[in-house]
Structure formats: structure tokens, C-alpha cells
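Beneath this line is the structure, given in C-alpha cells, with notes to follow.
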Amino acid sequence: MALPVVLPSASDCIKEFDLDGDGLLSHSELGTCLEVLLTRLGSPDEEARRISRLIVEEWSLRSDYAAGAGAVDRLLRAAMERTACVEKSE
């Protein structure tokens, strides 16, 4: 049985990936965050890039502003759900 995946907290992600120090993740910072975390959790690089790009694209269609902690948390969970769907379909 696989161990449950523990996601980092949104505040930890913001601390690590917020390059300009504004307390939010820009679209670019968010993409990097999602890609790096998916790779760290075992997704192949290409799949991590694809999923992170799709999520950032969807986010940018809904929002003109950077992602705060609440949004980062929701987007991390969405990325993990997509990764699980990809793994099940293979």
C-alpha cells in the first residue's frame, strides 16, 4: 500500500517560490512551484511541466492577479488530483 502524499503548506510554497517577496505567487512563480513540487513527488519531468502549464493557464483565464495562500493550496490539490488521474489512466 502506498503512503499518502503530504503536500507542503501554501505558506511554505510561497516562502520558497516567491522570488519578488510580495507574499504572492505570480503566474510564472506558480508554474515553477507546481512543476518542481510535482517532480519532487515523483511525476516525470514532462508530465509535471504539462500539468503545471495547464493549471497556470486555467488560473490566468480566471484571475489577473497573483495567487495567495488560499489559491496556492487549491491549485496544489488540483495538480495532485490531475497527477493521480494520469497515473490511473496509464
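Derivation of every value follows stated rules applied to the coordinates shown; laboratory data play no part. A quick note: this is a predicted structure, and the numbers were derived from the prediction, not measured. Note: ideal-geometry Cβ built from the backbone for every residue, glycine included; neighbour counts use all protein chains shown.
Sorting Asp45, Asp73 by the number of Cβ atoms found within 10 Å of their own Cβ, with the fewest placed first, yields Asp45, Asp73.
Taking label points 7 Å from Cα along the Cα-to-Cβ direction, Glu58 and Glu16 give a separation of 2.2 nm.
Grouping the Cα pair distances of the chain into 5 Å bins from zero gives a pair-distance distribution of 2, 15, 28, 26, 17, 8, 3, 1, 0 percent in increasing distance order.
Packing, as the average of other Cβ atoms within 10 Å across residues, places the peptides 8-14, 60-66 in the order 8-14, 60-66, highest first.
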